[in-house]
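Data first, discussion second: the structure below is written as structure tokens.
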Amino acid sequence: MNNYTIDSNKKYLELYNSSTQSPEKFWDKLASNNFVWNKKWSKVVDWDFKKAKISWFKDAKLNITVNCLDRHVIKNPQKTAIIFEPNNPNEKHKSYSYSELLVEVCKMANVLKSMGVKKGDRVCIYLPMIPELAFSVLACARIGAIHSVVFAGFSSNALATRIDDCESSLIITSDGSYRGDKILNLKQIVDDALEICETKQKVLVVKRTNESMNLKHERDYLLNDLIDSVNDVCEPEIMDAEDPLFILYTSGSTGKPKGMVHTCAGYMVYTSYTFKNIFQYQPEDVYWCTADIGWITGHSYILYGPLSNGATTLMFEGVPSYPDFSRFWQIVDKYKVNQFYTAPTAIRGLAKQGDDFLKDASLKSLKVLGTVGEPINEEAWEWYDNNIGKNKCPIVDTWWQTETGGILISSIPNVIPDKPTFATKPFIGIQPILIDDSGDELNEANIVGKLCIKYPWPSIARTIWGNHERYINTYFSAYDNMYFTGDGAFKDDEGNFRITGRVDDVIIVSGHNLGTAPIEDAINEHKKVAESAIVGFPHDIKGNALYGFVTSKDEINDEKLIRKEINNLISNKIGPIAKLDKIQFTSGLPKTRSGKIMRRILRKIASKQYDDLGDISTLLNPEIVQEIKDNSI
Ligand code: WT7
């Protein structure tokens, strides 16, 4: 039986059962039949969740770019691999066929080599959504360098932390980036970051906006000066299945970001398989995911998943609101996009603009719609279904995480029916379960619990860069022999999962995963601030927005000014995405007797659920609750 294509519910059930009953047999066959290997594995999977030791396809040899490029160049060299749609609709778009893309990747790979980058070195990529971003990522993979893409909306401080953490030796950036009618000077941000970095870097600069910039002698190099003198062939580095492919940072509940490490073989197999089936990609389709490659969604479902399937994938440099709110739909019509994958925050933002922006859109080409990043509310789901899908496109609500590498829970068009606000069923090989507060598995239906996964899947992260202890503690120590997701979920009586949200101190704002601790650290640097606590509260477009409770060291005369300064600090330390919508000054924060801030109470106040504060009598300072309630914003 061909186990690669899932085209009916019957087939899904058969494959699901065999993948969970005999996982080794299942993945052995799937991986053998559908990818190019230089050498086969000695063992399909080896794992010990206690020590967080996981390996897939042990001892196998491969290069992921051979699977994403070379094999398609042999079969179908002229097929379009990447379509690049610029920020400005008047600028001509570009497309790259598989054979052109291979040449670009090889050239970039040879530039990296000429700058001294070797297998295992870390390369930090800080670029806008331009074709060179794709070339850079794939060029690293080609030569076995580990890429660490940092979203180009992060501040210089956040960039510096990420550079130092993985001790990269090279940063790839651009002079500037276009976002709507704004230009961001990326090179300046990199210069600022390097002022505070401890590790020594070289900088490779791509020209995009022609901003003026300073090039530092023997540190900064222009891509244009190097690219013409390199060869356009670069033999792929033969990688071990478990060699790291990339590091991608994600926020945690505490302190510094976690550099999640993904490895070559398992990541390739799982992202490829999920892409093909969850989007039901057919050979002539044009697929578009609106995410930025700086997030895991872009890694897995703009680049590696689509390219390993020989798909046509669209990269959009701009924003949904520029030149106006019809931009997404114009792009869908321009390229006859068949699969469209975006985030609930974008859907809500566009729905709010009204249907005028849709009146000239045909949207006839669309077959499948997708959403990712946070729970989607019913209203947004219905709007998406009615106005974009015209009630004929299945909606895949795909639940997953940076740590999981690929989608773990989702419906599948014409295979697993969608259900508004439910991610629905586990993908092949995935064994989700719900756990109650005492750590027991919940077997009944219609119940909420903490979402855990029982058995490893090929694209699970292998470690946190430089901190395996933290990896064990965060994901494998809460419950025995299980991966703990940090999310809560509800399961209905048909086995459909609905994700209810984070159960830890991570808040999802506009689909961005933000930890409260680093934001609080940034606020606490303000000279007037004594202590702070951040919670999320419901927001019409962003899903959640941030509410900060701040105590000060001395009297605050100009609250407006301090609020502004606090948000500037956050912008500087993390990036504008982490700014607070509301800041309330208070004389104290509710604390337990052991001194822990009771965020539960603050969360209720922030979402105006004043009557539902629970028992506050055990607090160290119960009287503060009334004050905070009275002054809440
Ligand atoms: C967290 C992971 C996976 C790519 C984007 C985010 C939330 C993600 C859904 C969904 C409800 C979702 C979860 C998860 N989340 N997708 N379909 N429904 N919640 O990756 O930044 O690692 O964030 O995003 O809370 O744990 P990430």
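The values are calculated or read from the model by the stated rules, or taken from the named source; none is laboratory data. Owing to the predicted nature of the structure, the values given are computational and were not obtained by experimental measurement. For neighbour counting, all protein chains shown are included, and Cβ atoms are generated from backbone atoms with ideal geometry for every residue, glycine included. For the accessible areas, the whole protein counts, side chains as well, though only heavy atoms, and no ligand, DNA or RNA atoms are used. Shrake-Rupley method; radii C 1.70, N 1.55, O 1.52, S 1.80 Å.
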* Structure fact -> Along principal axes, largest first, the alpha-carbon spread of the range 506-630 in whole Å comes out as 39, 33, 25
* In Å, what Rg and Dmax follow from the Cα atoms of the range 181-338? -> 19.0, 50
* Looking at the range 84-231 from every direction and averaging, what is the projected area of its Cα convex hull in nm²? -> 8.5 nm²
* **Debye log10 I(q)/I(0) at q = 0.23, 0.27 Å⁻¹ for the range 452-511, Cα point scatterers** => -1.14, -1.24
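Once you charge only the Cβ atoms, +1 for Lys and Arg and -1 for Asp and Glu, what is the size of the charge dipole of the chain about its Cα centre, to the nearest 20 debye?
It works out to roughly 960 debye.
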* Structure fact -> One can check that the equivalent ellipsoid of the range 228-276, built from the alpha-carbon gyration tensor with semi-axes equal to the square roots of five times its eigenvalues, has lengths in Å, largest first, of 28, 18, 11
* To do: Kindly give the semi-axes, whole Å and largest first, of the ellipsoid equivalent to the range 197-242, taking each as the square root of 5 times a Cα gyration tensor eigenvalue.
  => 27, 18, 10
* Charge dipole (the range 506-630, unit charges on Cβ, about Cα centre) - positive-most of 590, 545, 532 -> 545
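Among 398-408, 132-142, 206-216, 600-610, what's the highest-first ranking by average C-beta atoms within 10 angstrom per residue? Walk me through the numbers on the way to the answer.
Numbers: 398-408: 24.7, 132-142: 27.1, 206-216: 14.9, 600-610: 17.9.
Output ranking for 398-408, 132-142, 206-216, 600-610: 132-142, 398-408, 600-610, 206-216.
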* Structure-based [θ]222 nm, the chain - -39500 (n - 2.57) summed over DSSP H runs of at least 4, per residue, nearest 500 -> -8000 deg cm²/dmol
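Considering only DSSP beta bridges with both partners in the chain, what is the antiparallel share in %, to the nearest 5? List each step's numbers first, then the result.
Working: 60 of 100 bridges.
So the antiparallel bridges in the chain amount to around 60 percent.
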* Order of exposure, largest accessible area first, which applies to 592, 312 with probe 1.4 Å -> 592, 312
* Asked: To the nearest 0.05, how large is the calculated FRET efficiency for residue 632 and residue 88 if R₀ is 51 Å and r is the Cβ-Cβ distance?
  -> 0.75
* To do: With the Cα gyration tensor of the range 1-102 in hand, give its eigenvalues times 5 under a square root as the equivalent ellipsoid semi-axes, listed largest first in whole angstrom.
  => 34, 19, 16
* Prolate/oblate/rounded call for the range 418-467, Cα gyration tensor, a/c under 1.5 rounded -> oblate
* Structure fact -> Mean separation of Cα contacts under 8 Å (at least 6 apart) over the residue count of the range 302-387, i.e. the relative contact order in percent, is 31 percent
* **Charge dipole magnitude, Cβ of K and R +1, D and E -1 - the range 506-630, Cα centre, debye nearest 20** => 300 debye
* Report, as a whole number in µm² per second, the diffusion coefficient that Stokes-Einstein gives for the chain at 4 °C and 1.567 mPa s using the Kirkwood radius over alpha carbon pairs. => 51 µm²/s
* Between the range 449-515 and the range 357-430, what is the C-alpha centre distance in whole Å? -> 21 Å
* **Simple label model, 7 Å out from Cα along Cβ direction - residue 59 to residue 591, nm** => 5.7 nm
* Using the Cα atoms as the points, what is the convex hull volume per residue of the range 45-138 in Å³? -> 164 Å³
* Asked: What does the range 330-443 give for Rg and for Dmax, in Å, if only its C-alpha atoms count?
  -> 15.9, 55
* **Residue-normalised accessible area of the chain, given per residue in Å² at a 1.4 Å probe** => 39 Å²
* To do: For the range 352-503, give the magnitude of the charge dipole about the Cα centre (Cβ charges: +1 Lys/Arg, -1 Asp/Glu; no others), in debye to the nearest 20.
  => 640 debye
* To do: Please list the non-local residues whose amide H lies under 5 Å from the amide H of residue 312, H modeled 1.01 Å from N, same-chain partners needing a gap of 5 or more.
  => 287
* Structure fact -> Computed over the chain, the relative contact order (Cα-Cα under 8 Å, seq sep at least six) in percent reads 12 percent
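Keeping the other protein chains in place, figure out the carbon and sulfur percent of the accessible area of the chain, with a 1.4 Å probe.
Carbon with sulfur: 47 percent of the solvent-accessible area.
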* Cysteines without a disulfide-compatible neighbour (Cβ-Cβ under 4.7 Å), the chain -> 68, 124, 140, 166, 197, 264, 289, 393, 452
